[in-house]
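Asker: Structure below; questions to follow.
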Amino acid sequence: MKRTFTLTLLCFLSMFCVFAQDAIERNCGAMENLEIRKQQNPDLEARMQRIETFTQNYIQSPTAKSVNGSIITIPVVVHVIYRTSNENISDAQIQSQIDVLNEDFRRTNADADNAWSQAADMEIQFCLASVDENGNATTGITRKSSTRTSWGTNDAMKSSAQGGVDAWDTSQYLNMWVCNIGGGILGYAQFPGGSASTDGVVMGPQYFGSSAKGSGFYLSSPFDLGRTTTHEVGHFLNLRHIWGDSNCGNDFVADTPTHQTSNGGCPIGQVSCGSTDMVQNYMDYTNDSCMNLFTQGQKDRMRAVLAAGGVRRSLALSNKCDGGGTTPTCTDGIQNGDETGIDCGGSSCAPCQSGCSDNEVNLSITFDNYPEETAWTLTNASGSTVASGGTYGNQADGSTYTEDLCLPDGCYTFTITDTYGDGICCSYGNGSYSVTDASGVLASGGSFSSSEATQICVGGGTAPTCSDGVQNGDETGVDCGGSNCEPCAVDPTCDDGIQNGDETGVDCGGSSCAPCSTGGTDVLHQGYFESGWDGWSDGGSDCYRYSGSRSYEGSYSIRIRDNSGTASAMTSPSFNLTPYNQVEVEFYFYANSMENGEDFWLRYYNGSSWTTVATYARGTNFNNSTFYTATVTLDASQYNFAGNSQFRFQCDASGNNDQIYIDQVTITGIGSGSRGKGNTLEVIRTVDVNDSFGSEDDFVIYPNPVKGNTLFVKLPDNAKASYRILNMLGQTMMRGDSAKEINVSSLKSGLYFIEVNDGEETMTKKFIKQ
């Protein structure tokens, strides 16, 4: 027995020694930095989800393709923080990196080939800034000497208080910090949505620049061709690793093949997850000489954050590459620099105008927690825009922005918009707006959805009437409806041949003359959850948009679990059911870890209260590890069909990680002459689900080997678990109640086991501490 143990230990030690002698592997710290930031900012995940929703909506709109041919130039400032002369890299090495970025993002790189037809020109380019924050000429490079040997991934290099360099205005510059990160990390980036003070990318000096573009550079093969920075800028512009940081994971890009994990070297032709790996993609971990492309799908994601309403829109509009543009004047008729309006205010030429010869109007906007989503326009009676503003990504959350407008006599429409669709009050902050003149408040609000339009009149402007022959403000037609002059025209009827008021069709439905006449069926909603929540709302901590093989179709479904009331629920958007005799809800579901007798419900909201209309219990209606399809039919004779009806799936299990996965939800309105299926439940298939964690991967640990001080643990559905770390002799070295982010700095180099217990089972993996 002693001999066997000795041989085993020697084998493990030999494995470790061989591993330690291997060449350095690419290691990006973007996900590690993201986990740190999420711990420090509980709102970050919600903010990133909102950005993802905007991105998916942009990708699915014609706008994503219409921008082709429009080149965006992003100004760059490079902060070099060095301890040794080698780390103080030359201007020529820095310029070589800018050249590589331009080649890679414009697809003019010499190694571009036709191996992948979806490879595309991103139509994004970069330049070293020619003007600093104060308007002074600059090379776009700063340098600072430091005694620090390594900086880690907690953004210390971005703070002068911690010995680093503060970011230049991140709404106008892409900040790049070049310093020794340590821990084997080549670089890392901040994803869109993080703090403005730390926004940018970080690279090690020996991975910044290209040996193919000069000599005497401080670079380390095989990562010496500048692709580390290309990779990190990809993250900065909202790209994920191509393997989705999970076993056959999701990078949110449709035209990149699914990878089982990261690739090193250059294994061209390698197959995983049922397809050939795109090892040439800049978002893999292969050698610099292997990488040569981004795809059209990746372009769409990057262009989304730079588009109007995108979180990085201000970077796309920055003019810091051309000397900051022409010096603004008080009489140039342009809103320049920090002027608060056209030829009005700002530090550049304040006070500009001394007064207004027309009508002085003041706009005040107090932002919610997402200023980057807010914009506004003011149009005159002919529909021409006379003033506009936003979005406001450079404003602080909850701050107030004011602008003075000078308007001739007349009537105008003030429109405020929110790209996420939840207004500026009150889900994510208490934002509000007001438009005032000497007479008082002309428009105000804050609680709206995607937009709110209000007609205002100043000076001699004539307010709209119900008989002026013009469609004014929020009138629903010429001299018809709207809050300004309602009801205007004659009330609609069910047989006037016109779609009036809130009718759902010509002479059909709506509160004015419901039920009018209906027939056949109407599909009111389909939820597949592939690109987002599809209008359903997240109940809270026990509701989650899941990606993995527990989804019936595609990759995504909605997971509800345990028994936390609405936190264990997903709720549909509102539907007008008044025209229908029946409504039918069809859905697919999969259960995991549900105990005998535990159940979940389908509930219905009739305009005033919730009612459980179907209950499904484990052991009676379903079993675990099985896909089912269910149909529930409601009849108007039994339920009140309201104009604001809703549905809700809610879990009613115990609190030990019992999970239901809801997918492919179809809601159909059924008129007279048709009948629904009734209530049905059918087995689709029984499976041994190996989701993205795999049958032997009930939890994931990374990085492995641990080259820094932190070992991250991820369980399916972010389940909570305790942990224990053992050495090769079976001795407990560490233990804790939260297996998520473990500081292993106290461990000596070697091989260890980590045991994770989620309350139902104990799972074990090996890892190496370097």
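Asker: Please find, among T626, T620, T611, the residue that is under 25 Å from Q582 (Cα atoms) and among the hydroxyl-bearing types (S, T, Y).
Answerer: Going through T626, T620, T611 in turn, the sole match is T611.
Asker: Further question: Got a sec? Which of G540, G520, G597 is within 28 Å of G421 (Cβ to Cβ) and not charged (D, E, K, R)?
Answerer: The conditions single out G540.
Asker: Quick check on my filter: what residues within region 143-155 are polar (S, T, N, Q), in contact with a strand residue (DSSP E or B) (Cβ under 8 Å, 6 or more places away or on another chain) and surrounded by fewer than 17 Cβ atoms within 10 Å (Cβ to Cβ)?
Answerer: Those that are polar (S, T, N, Q), in contact with a strand residue (DSSP E or B) (Cβ under 8 Å, 6 or more places away or on another chain) and surrounded by fewer than 17 Cβ atoms within 10 Å (Cβ to Cβ): S145, S146.
Asker: Given the condition touching a Leu at 6+ places or on another chain (Cβ under 7 Å) and either under 25 Å from E530 (Cα atoms) or surrounded by fewer than 18 Cβ atoms within 10 Å (Cβ to Cβ) (or both), answer yes or no: does some residue in region 589-601 qualify?
Answerer: No, because not a single residue in region 589-601 is touching a Leu at 6+ places or on another chain (Cβ under 7 Å) and either under 25 Å from E530 (Cα atoms) or surrounded by fewer than 18 Cβ atoms within 10 Å (Cβ to Cβ) (or both).
Asker: Under the condition of being among the acidic types (D, E) and touching a helix residue (DSSP H, G or I) at 6+ places or on another chain (Cβ under 8 Å), which residue from region 252-288 is surrounded by the fewest Cβ atoms within 10 Å (Cβ to Cβ)?
Answerer: Checked region 252-288; the qualifying residue surrounded by the fewest Cβ atoms within 10 Å (Cβ to Cβ) is D255.
Asker: Please work out which one of (1) touching a strand residue (DSSP E or B) at 6+ places or on another chain (Cβ under 9 Å); (2) surrounded by fewer than 23 Cβ atoms within 10 Å (Cβ to Cβ); (3) touching a residue at least 24 places away in the same chain (Cβ under 8 Å) is the condition G214 fails and give its number.
Answerer: (1)
Asker: A further question on this structure: I'm trying to understand the selection: among the residues of region 202-228, which are of a type in the set (F, W, Y) and in a helix (DSSP H, G or I)?
Answerer: Y207
Asker: How many residues does region 247-281 hold that are among the acidic types (D, E) and touching a Phe, Trp or Tyr at 6+ places or on another chain (Cβ under 8 Å)?
Answerer: Number satisfying all stated conditions: 1.
Asker: A further question on this structure: Assuming D691 fulfils every condition listed in (1) within 28 Å of N247 (Cβ to Cβ); (2) among the acidic types (D, E); (3) at pLDDT 90 or above apart from one, which condition is it?
Answerer: (3)
Asker: If I filter region 635-652 for residues that are aliphatic (A, V, I, L, M), out of contact with any Phe, Trp or Tyr (no Cβ under 6 Å at 6 or more places or on another chain) and buried (at least 23 other Cβ atoms within 10 Å of the Cβ), do I get at least one hit?
Answerer: no
Asker: Assess whether N581 counts as being free of Cβ contacts under 8 Å to residues at least 24 places away in the same chain and of a type outside the set (D, E, K, R).
Answerer: No.
Asker: Continuing with this model, one more query. Applying the selection to region 52-91, what residues are of a type in the set (A, V, I, L, M) and either part of a helix (DSSP H, G or I) or modelled with pLDDT of 85 or more (or both)?
Answerer: The answer is I59, A64, I71, I72, I74, V76, V77, V78, V80, I81, I89.
Asker: Looking only at region 418-435, which residues are part of a strand (DSSP E or B) and modelled with pLDDT of 90 or more?
Answerer: Correct list: S432, Y433, S434, V435.
Asker: When Q49 is evaluated against the numbered criteria (1) part of a helix (DSSP H, G or I); (2) at pLDDT 95 or above; (3) within 27 Å of the chain's Cα centre (by Cα), which criterion, by number, is the only one it fails?
Answerer: If we test Q49 against (1) part of a helix (DSSP H, G or I); (2) at pLDDT 95 or above; (3) within 27 Å of the chain's Cα centre (by Cα), just (2) comes out false.
Asker: Here's a follow-up. Can you tell me which residue in region 733-770 is surrounded by the most Cβ atoms within 10 Å (Cβ to Cβ), limited to those that are β-branched (V, I, T) and touching a residue at least 40 places away in the same chain (Cβ under 8 Å)?
Answerer: Once the filter is applied, the top-ranked residue is I754.
Asker: Say whether the condition of being in contact with a Phe, Trp or Tyr (Cβ under 7 Å, 6 or more places away or on another chain) and modelled with pLDDT under 80 is met by at least one residue in region 736-744.
Answerer: No, because not a single residue in region 736-744 is in contact with a Phe, Trp or Tyr (Cβ under 7 Å, 6 or more places away or on another chain) and modelled with pLDDT under 80.
Asker: Restricting attention to region 723-734, report how many residues are at pLDDT 90 or above and of a type outside the set (S, T, Y).
Answerer: The number of residues fulfilling the criteria is 3.
Asker: For region 664-674, check the following and say yes or no: at least one residue is touching a strand residue (DSSP E or B) at 6+ places or on another chain (Cβ under 9 Å) and at pLDDT below 90.
Answerer: yes
Asker: Then there is this: Could you tell me whether F641 is of a type in the set (F, W, Y) and at pLDDT 80 or above?
Answerer: Here the answer is yes, as F641 does meet what is asked.
Asker: Sticking with this one: Answer yes or no: is there a residue in region 156-170 that is buried (at least 16 other Cβ atoms within 10 Å of the Cβ), touching a Gly at 6+ places or on another chain (Cβ under 7 Å) and outside any helix (DSSP H, G or I).
Answerer: The answer is yes, given that some residue of region 156-170 is buried (at least 16 other Cβ atoms within 10 Å of the Cβ), touching a Gly at 6+ places or on another chain (Cβ under 7 Å) and outside any helix (DSSP H, G or I).
The values are calculated or read from the model by the stated rules, or taken from the named source; none is laboratory data. Keep in mind it's a predicted model, so treat the numbers as computed, not measured. Neighbour counts run over all protein chains shown; Cβ positions are idealised from the backbone, glycine included.
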